[in-house]
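> Below is a structure I'd like to ask you about.
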Amino acid sequence: MPLNINFQQVFLHMFNFALLFGAMYFLLYQPVKKFMDERAARYAKMDEEAKAKLAEAEQSKADYEKKLADVSAEIEAKKAEAHAALDAELATARAQAQRSADELVEKSRRTAQSEREKLLRDAESEISELVAAAAEKLVLQSTEEAYEQFLATAEERGANA
């Protein structure tokens with residue numbers, strides 16, 4: 001034995017180390033590695049599911065935003081239709097009010113014209129009556145004065161004769 005090395009002890013230690021290494025490998029390393037791989041796979045699966053749910057949520061959000069935009073556009077269209085209908089109704093009401101006002105003005109004009117004509121006829125009638133009454137008074141007054149003058153002249157001639 002050179003250098004005081006016992007090869008049997010060295011081989012025994014190597015065999016013990018290999019046996020310990022093999023036992024530790026099969027008893028500890030493989031189950032821990034298997035557990036870690038399963039855990040990594042589970043987290044990867046959860047990550048994929050979360051990404052899928054996020055993509056689905058984003059798609060739903062985009063769909064709802066599109067629907068919201070469509071509804072907003074539809075609401076604006078309905079508002080525009082309502083405003084147009086209101087404007088048309090307002091124009092119709094204004095036109096009808098204008099026609100009614102024109103008819104009322106025309107009716108008032110005709111009524112005023114007929115009342116004016118009636119007043120003119122009444123005035124002509126009254127004027128004719130007043131002229132007749134004045135002429136009658138004038139004639140009666142003239143006749144009375146002429147009669148009185150005749151009588152006065154006749155008396156004067158009777159007194160002179």
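> Looking at SER142, PHE21, PHE7, which one has the Cα that reaches farthest to the positive end of the dipole of the chain (charges on Cβ: Lys, Arg +1; Asp, Glu -1)?
Looking along the dipole axis, the top candidate is PHE7.
> How much accessible area per residue does the chain have, counting only protein heavy atoms and a probe of 1.4 Å, in square angstrom?
Per residue, the chain has 93 Å² of solvent-accessible surface.
> Tell me the net charge near SER128. Cut-off is 13 Å between Cβ atoms, SER128 excluded, with +1 for each Lys or Arg and -1 for each Asp or Glu.
Once positives and negatives cancel, what remains is -4.
> Hey, another quick one. Could you state, as a whole-number percent, how many of the C-alpha pairs of the chain are farther apart than 29 Å?
78
> In whole Å, what are the Cα extents of region 10-54 along the three principal axes, biggest one first?
The principal-axis extents, from largest down, are 61, 12, 5 Å.
> Just how far, in whole angstrom, is region 67-125 from region 20-56 if you go by their alpha carbon centroids?
Centre-to-centre (Cα) distance: 84 Å.
> As a check on your grasp of the helix formula, calculate [θ] at 222 nm for the chain: sum -39500 (n - 2.57) over DSSP H runs of n ≥ 4, divide by the residue count, round to the nearest 500.
About -35500 deg cm²/dmol.
> Can you give me the % of accessible surface on the chain that is carbon or sulfur? Probe 1.4 Å, all protein chains present, nothing else counted.
Here it works out to 62 percent.
> Quick one: if the Förster radius is 45 Å, what FRET efficiency do GLU48 and LEU12 give, using the C-beta to C-beta distance and rounding to 0.05?
0.30
> For the chain, set up a Gaussian network in which alpha carbons nearer than 10 Å are linked by springs, and say which option among LYS67, LYS34, LYS79 fluctuates the most.
Ranking LYS67, LYS34, LYS79 by mean-square fluctuation puts LYS34 first.
> Would you work out the charge dipole size for the chain about its Cα centre, treating the Cβ of every Lys and Arg as +1 and the Cβ of every Asp and Glu as -1, and quote it to the nearest 20 debye?
I would put it at about 2720 debye.
> Quick check on region 36-97: what are the equivalent-ellipsoid semi-axes from the Cα gyration tensor, as sqrt(5λ), descending, whole Å?
58, 5, 4
> Report the gain in length on full extension from ARG116 to LEU19: 0.36 nm times residue separation, minus Cα-Cα distance, nm rounded to one decimal.
Extra length available between ARG116 and LEU19 comes to 20.9 nm.
> Here's something else I'd like to know. Let me check I've understood the local charge: for ASP102, count other residues with C-beta under 14 angstrom from its C-beta, Lys and Arg +1, Asp and Glu -1. What total comes out?
Neighbour charge sum, excluding ASP102 itself: +3.
> OK, next. What figure, in Å² to the nearest 10, do you get for the accessible area of MET14 with a 1.4 Å probe and non-protein molecules left out?
Counting only protein heavy atoms, MET14 exposes about 110 Å² to solvent.
The values are calculated or read from the model by the stated rules, or taken from the named source; none is laboratory data. All values derive from a computational prediction rather than experimental measurement. Quick reminder, even Gly has a Cβ in these numbers, built from the backbone with ideal geometry, and neighbours come from all protein chains shown. Quick note on the areas: whole protein, heavy atoms, side chains included, nothing else; ligands and nucleic acids left out. Shrake-Rupley method; radii C 1.70, N 1.55, O 1.52, S 1.80 Å.
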